[in-house]
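In what follows, a structure is listed as structure tokens, so that the remarks can point back to it.
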Amino acid sequence: MNASANNLPSRLDPFLRAEVEDLYARYSACVDSGHYEAWPGFFTEACTYKVIPRENHERGLPLATLAFESRAMLEDRVYGITQTLFHQPYYQRHSVSGILITEVTSSGIAVEANYLVIRTRSKALSEVFNTGRYIDRVVREDGSLRFAEKCCVFDSEMIPNSIIYPI
Amino acid sequence: MNDRTHSTAPLEWHPGGPSRVPYRTYVDPAVHAIELERFFNHDHWAYVCLSCEIPNAGDFKRTSVGERQVIAVRDTDGTVSVLENHCAHRGAQFCQKDHGNATELVCPYHQWSYDLKGNLQGVPFLRGVKSDGRINGGMPGDFRKSDHGLTRLKVEEWNGVVFGAFDTSVEPLRDYLGPEITPWYERIFDGRALTLLGYNRQRIPGNWKLMQENIKDPYHPGLLHTWFVTFGLWRADQKSSLVMDAHGRHAVMISSKNEGGKGDVTQGVTSFKENMTLKDTRVLDVVPEAWWKGPTVTMLTLFPSVIIQQQVNSLSTRHIVPVGPDAFDFHWTHFGYADDSPEMTRRRLRQANLFGPAGYVSADDGEVIEMQQAGFRQHPDYQTVSELGGRDIGSVDHNVSETLIRGMYGYYRKVMGV
């Protein structure tokens with residue numbers, strides 16, 4: 001994690017920060033709303049998206065729980081979520097905090113943030129479902145910010161049965 | 001909690017054979033305790049880890065056999081010991097790291113130390129403490145360090161996989177698998193060096209036996225799993241066979257993929273999606289490998305603790321660790337071969353999107369197992385029916401049969417005396 005003060009831009013453009021925070025707020029609203037068809041639109045065409053156990057990430061083991069390498073693969077995942085994956089339906093609620101811009105370069109904006117996802121199944125108590133850190137790269141494309149890389153590194157040692165919807 | 005799960009009435013097993021299993025078999029803590037004792041803590045071999053997870057002297061990995069935590073550690077002589085993770089002194093589960101490298105094992109409580117084979121080495125104040133010209137304390141004169149080592153399992157390391165058994169009188173591992181299963185084991189683990197790709201871990205709120213059954217059940221994949229039936233990865237019209245060992249406890253489901261698409265087996269199957277196409281087909285970029293010698297899928301169920309998966313280019317071990325009667329932890333270890341090209345490694349990792357707790361195929365399995373457990377809990381005196389392909393037990397040359405589940409329960413009933 002590149003969170004040391006030395007890597008921070010000396011003067012961060014407050015408008016850029018607001019724009020980045022807005023991106024994360026809209027992303028969370030999308031994946032919590034059930035409108036999964038809008039989810040791939042947050043990514044560039046050649047994006048990478050990973051959900052990876054912290055254990056694998058820190059040990060340099062390449063296996064991810066989910067690893068997609070294009071917006072088209074995300075669209076296939078949406079088809080899977082909505083049409084093919086049998087699962088008990090649930091609500092999910094993302095809480096994203098500590099959004100940290102670690103670097104601004106010509107190749108994009110490096111952003112990290114904590115996330116917490118609460119799962120609520122029908123007639124059941126809400127429960128902590130998945131928690132971890134986003135390690136992302138955001139780029140400007142056609143005037144708006146999109147994820148070129150989104151890596152969800154989760155602390156949760158045991159996944160409570162399955163992960164169906166996007167983190 | 002439903003009181004009926006604690007009923008002391010004998011289990012009502014169907015007189016006709018193992019095709020009917022009482023729901024209570026999956027929910028009763030008393031049944032579970034006997035299963036742990038007979039299947040995990042005695043004369044059955046259990047999966048421990050892959051050799052490539054602990055390649056060097058001193059490398060260790062913390063894992064479990066049944067509900068007992070163990071440490072697999074490689075000694076300087078190259079051999080692997082599997083030691084139970086509780087100190088011989090006061091019982092502390094002293095190892096609190098999942099993996100690492102060590103020259104000795106030390107309990108932090110009173111600094112008892114063990115060598116990498118579990119022999120007790122150091123005991124502070126063994127001969128007491130000298131003070132004011134006399135010796136205070138110390139262990140009794142008849143205390144022998146050799147009587148107080150860590151519990152050590154019998155171990156076999158076979159072509160890259162470590163197995164352990166608490167009962168040292170257990171038959172040799174090759175005999176335990178038997179001549180029917182061994183060739184399929186040695187097809188994947190032929191002695192080539194393996195590469196660790198990583199882990200997935202999930203807790204499935206269902207009885208541990210249901211995962212063995214799920215991979216002994218070729219009936220569901222072409223029905224529950226849209227991806228399998230639509231893309232021809234597993235469906236009822238494939239060239240397949242179901243093989244079991246002489247006891248019926250272990251099995252292999254073997255199949256060769258076809259082109260998928262519409263056919264007799266998709267009639268009325270709601271999960272079949274005729275018009276489904278992938279926008280990015282790299283997830284299904286299957287490239288045959290020479291060692292397959294035909295089959296594209298081989299799923300080995302080694303009773304009671306592990307499933308070994310070859311699904312096209314994706315390889316994994318799936319380790320079953322019971323957590324009481326109502327849940328189990330399911331640890332996936334994905335691997336490749338040390339001589340894989342970078343493209344093959346990438347392919348194995350891409351195809352891993354089908355498997356694991358979020359996989360296009362496997363996520364379904366965990367979900368239905370949770371639903372089964374809920375059904376069992378609400379009516380423990382009811383029973384399952386597994387009679388596809390008849391009520392008898394034996395290997396068959398198609399996949400339209402529940403014979404492997406019946407085989408497992410034939411064995412189960414013998415060992416459990418029910």
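Do you know which residues across the range A:22-44 are part of a helix (DSSP H, G or I), touching a strand residue (DSSP E or B) at 6+ places or on another chain (Cβ under 9 Å) and open to solvent by 10 Å² or more (accessible area, probe 1.4 Å)?
Taking the range A:22-44 first, the residues part of a helix (DSSP H, G or I) are A:22-33, A:36-42.
Those left that are additionally touching a strand residue (DSSP E or B) at 6+ places or on another chain (Cβ under 9 Å): A:22-25, A:27-29, A:31-32, A:40-42.
Correct list: A:Asp22, A:Ala25, A:Ser28, A:Ala29, A:Asp32, A:Gly41, A:Phe42.
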Scope the range B:73-93; condition open to solvent by 10 Å² or more (accessible area, probe 1.4 Å), under 19 Å from B:Lys145 (Cβ atoms) and in contact with a strand residue (DSSP E or B) (Cβ under 7 Å, 6 or more places away or on another chain); matching residues: B:Asp75, B:Glu84, B:Ala88
Any idea how many residues of the range B:252-303 are within 25 Å of A:Arg71 (Cα to Cα) and of a type outside the set (Ser, Thr, Tyr)? 14
Name the residue, out of B:Val415, B:Val396, that is open to solvent by 10 Å² or more (accessible area, probe 1.4 Å), away from every other protein chain (no Cβ under 14 Å), in contact with a helix residue (DSSP H, G or I) (Cβ under 7 Å, 6 or more places away or on another chain) and over 27 Å from B:Asn258 (Cβ atoms). B:Val415
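Here's the yes/no breakdown for (1) in contact with a strand residue (DSSP E or B) (Cβ under 9 Å, 6 or more places away or on another chain); (2) more than 22 Å from A:Tyr36 (Cα to Cα); (3) open to solvent by 10 Å² or more (accessible area, probe 1.4 Å):
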{"position": "A:Phe86", "(1), (2), (3)": "no, no, yes"}
{"position": "A:Pro89", "(1), (2), (3)": "yes, no, yes"}
{"position": "A:Gln92", "(1), (2), (3)": "yes, no, no"}
{"position": "A:Ser107", "(1), (2), (3)": "yes, yes, yes"}
{"position": "A:Thr120", "(1), (2), (3)": "yes, no, yes"}
{"position": "A:Ser126", "(1), (2), (3)": "yes, no, yes"}
{"position": "A:Phe129", "(1), (2), (3)": "yes, no, no"}
For the subset of the range B:359-377 comprising residues that are at the interface with chain A (Cβ under 8 Å from one of its Cβ atoms) and touching a residue at least 12 places away in the same chain (Cβ under 8 Å), which member is surrounded by the fewest Cβ atoms within 10 Å (Cβ to Cβ)? B:Val368
Conditions first: (1) out of contact with any helix residue (DSSP H, G or I) (no Cβ under 8 Å at 6 or more places or on another chain); (2) assigned to a strand (DSSP E or B). B:Cys95 passes all but one, so which condition is the exception? (2)
When both residues are 6+ apart or on different chains and their Cβ atoms are under 6 Å apart, which pairs have a first residue that lies in the range B:84-110 and is closer than 20 Å to B:Ile54 by Cα, and a second that is part of a loop (DSSP other than H, G, I, E, B) and open to solvent by 70 Å² or more (accessible area, probe 1.4 Å)? B:Asn85/B:Gln93
Would a scan of the range A:98-112 turn up a residue that is hydrophobic (A, V, I, L, M, F, W, C) and within 12 Å of chain B (Cβ to nearest Cβ)? no
So B:Phe228 ticks every box in (1) crowded, with 24+ Cβ neighbours inside 10 Å; (2) within 22 Å of B:Met408 (Cα to Cα); (3) of a type outside the set (Ser, Thr, Tyr) but one. Which box is left unticked? (2)
Within the range A:113-167, count every residue that is within 14 Å of another protein chain (Cβ to nearest Cβ), touching a Ser or Thr at 6+ places or on another chain (Cβ under 9 Å) and of a type in the set (Asp, Glu). 2
Could you please give the count of residues in the range A:41-70 that are more than 8 Å from chain B (Cβ to nearest Cβ), within 18 Å of B:Gly359 (Cα to Cα) and free of Cβ contacts under 8 Å to residues at least 60 places away in the same chain? 0
Take A:Leu85 and tell me if it is in contact with a Ser or Thr (Cβ under 9 Å, 6 or more places away or on another chain), under 13 Å from B:Asn353 (Cβ atoms) and at the interface with chain B (Cβ under 8 Å from one of its Cβ atoms). yes
Identify all residues within the range B:272-286 that are polar (S, T, N, Q) and under 21 Å from B:Val312 (Cα atoms); write none if there are none. B:Thr277, B:Thr281
List, please: which pairs have Cβ atoms under 7 Å, are six or more places apart or on different chains, and start with a residue in the range A:93-112 that is more than 15 Å from A:Ala25 (Cβ to Cβ) and end with one that is among the hydroxyl-bearing types (Ser, Thr, Tyr)? A:Ala110/A:Thr102; A:Glu112/A:Thr102; A:Glu112/A:Tyr134
For a quick check of your reading: which strands (runs of 3 or more DSSP E) sit entirely within the range B:177-286 and have at least 2 residues that are within 14 Å of chain A (Cβ to nearest Cβ)? B:194-204
With respect to B:Gln310, is the statement that it is in contact (Cβ under 8 Å) with a residue 60 or more places away in the chain, within 15 Å of the chain's Cα centre (by Cα) and away from chain A (no Cβ under 14 Å) true? yes
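Regarding B:Ser341, is this residue among the polar types (S, T, N, Q) and at pLDDT below 95?
no
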Would a scan of the range B:338-352 turn up a residue that is within 16 Å of the chain's Cα centre (by Cα), crowded, with 20+ Cβ neighbours inside 10 Å and within 10 Å of chain A (Cβ to nearest Cβ)? no
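Conditions tested, residue by residue: (1) basic (Lys, Arg); (2) surrounded by fewer than 24 Cβ atoms within 10 Å (Cβ to Cβ); (3) in contact with a Phe, Trp or Tyr (Cβ under 9 Å, 6 or more places away or on another chain); (4) without any contact (Cβ under 8 Å) to a residue 24 or more places away in the chain.
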{"site": "B:Leu224", "(1), (2), (3), (4)": "no, yes, yes, no"}
{"site": "B:Gly232", "(1), (2), (3), (4)": "no, yes, no, no"}
{"site": "B:Ser240", "(1), (2), (3), (4)": "no, yes, yes, no"}
{"site": "B:Thr301", "(1), (2), (3), (4)": "no, no, no, no"}
Return the residues of the range A:109-118 that are open to solvent by 30 Å² or more (accessible area, probe 1.4 Å) and closer than 18 Å to A:Lys50 by Cα; say none if nothing qualifies. A:Asn114, A:Leu116
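The values are calculated or read from the model by the stated rules, or taken from the named source; none is laboratory data. Computed from a predicted structure; not experimentally measured. Cβ atoms come from the backbone with ideal geometry, glycine included; neighbour counts cover every protein chain shown. What goes into the accessible areas is simple: the full protein's heavy atoms, side chains included, and nothing from ligands, DNA or RNA. Shrake-Rupley method; radii C 1.70, N 1.55, O 1.52, S 1.80 Å.
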